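Report on the following structure.
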Amino acid sequence: ATSGVFSAVGAPSNMQGSSSGRAGVMTDVHRRFLQLLMTHGVLEEWEVRRLQNHCYKVHDCNATVDKLEDFINNINSVLESLYIEIKKGITEDDGRPIYALVNLATTSVSKMATDFAESELDLFRKALELIIDSETGFASSTNILNLVDQLKGKKMRKKEAEQVLQKFVQSKWLIEKEGEFTLHGRAILEMEQFIRETYPDTVKICNICHSLLIQGQSCETCGIRMHLPCVAKYFQSASEPRCPHCNDYWPHEIPEVFNPEKEREAGGSKSSRKSLRTRQH
């Protein structure tokens with residue numbers, strides 16, 4: 001998508017153009033921001049704000065920094081004709097806001113990245129199927145590696161497959177926790193439509209936000225599921241949490257709602273990171 005985007009919006013020039021242009025007009029500030037976001041693939045909101053400030057300093061240090069939402073809406077209005085947009089989501093385990101550049105046309109596994117071989121993409125496909133079929137939203141490394149003999153394309157040994165899985169982690173398509181893999185927020189943002197269409201019988205949807213759910217909690221009575229951040233918000237002020245569908249007692253631990261202000265006071269977004277992930281499903 002990179003060449004298509006930049007042929008449409010133009011690459012950053014060395015000219016100091018005013019950055020507070022009309023909606024739908026790309027300035028050097030916007031172009032630089034888009035280029036760097038594409039390089040990273042996905043960023044947390046605090047990183048996106050830092051990136052925006054950096055782009056203003058480089059290209060238009062005297063301009064007033066636009067509100068992030070307006071700034072991104074401006075870029076999206078230009079990208080719309082390319083079926084691409086900067087999309088905001090949240091991490092499933094702890095509710096952190098994230099941004100990724102995604103293709104609005106259904107992104108299949110074969111189109112999700114051009115820097116992977118056929119057998120590597122097939123390994124991702126196998127991992128994806130195991131993750132979606134699982135109750136927890138995780139697939140063990142052992143279970144994924146046991147499927148290497150079934151891969152299309154070039155034969156792959158288990159050692160190679162382990163390296164490929166790490167490649168997907170580095171590219172922010174998968175997350176690894178204690179020898180198990182789940183989908184990164186980037187993959188969920190980019191591939192939600194594909195997953196819904198491809199796995200209609202096994203796909204899980206959050207009862208609160210109605211988005212794709214990979215990790216979450218479920219009601220032991222009626223079986224509805226909720227993302228952990230949605231659980232946190234829904235039961236925020238409830239003294240006795242009850243299922244929003246069947247009204248039965250909700251037996252799981254209620255996670256805390258992500259609070260960026262509290263996070264900053266605690267000493268930065270990475271050092272105090274506390275996952276809300278729970279194994280109760």
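Quick rundown of the values:
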quantity: Links that overshoot a 18 Å alpha carbon limit, given the list Lys126/Lys159; Lys152/Lys204; Lys88/Lys126; Lys87/Lys204; Lys126/Lys155; calculated: Lys152/Lys204; Lys88/Lys126; Lys87/Lys204
quantity: Exposure of Lys159 as accessible area (Å², to 10), given a probe of 1.4 Å and all protein chains; calculated: 140 Å²
quantity: Lys154 accessible area, assembled protein chains, probe 1.4 Å, Å²; calculated: 140 Å²
quantity: Exposure of Tyr234 as accessible area (Å², to 10), given a probe of 1.4 Å and all protein chains; calculated: 110 Å²
quantity: Extension gain, Gln170 back to Tyr199 (0.36 nm per residue minus Cα-Cα distance, nm); calculated: 7.9 nm
quantity: Surface accessible to a 1.4 Å probe, per residue, for the residues of region 35-160, Å²; calculated: 51 Å²
quantity: FRET efficiency estimate (nearest 0.05) - Cβ-Cβ, Leu36 to Lys155, R0 45 angstrom; calculated: 0.75
quantity: Most to least accessible of Asp248, Asp28 (protein chains only, probe 1.4 Å); calculated: Asp248, Asp28
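The values are calculated or read from the model by the stated rules, or taken from the named source; none is laboratory data. Just so it is clear, the model here is predicted, and its values are computed rather than measured. Quick reminder, even Gly has a Cβ in these numbers, built from the backbone with ideal geometry, and neighbours come from all protein chains shown. The accessibility values were calculated without ligands, DNA or RNA, using every heavy atom of the protein model including side chains. Shrake-Rupley method; radii C 1.70, N 1.55, O 1.52, S 1.80 Å.
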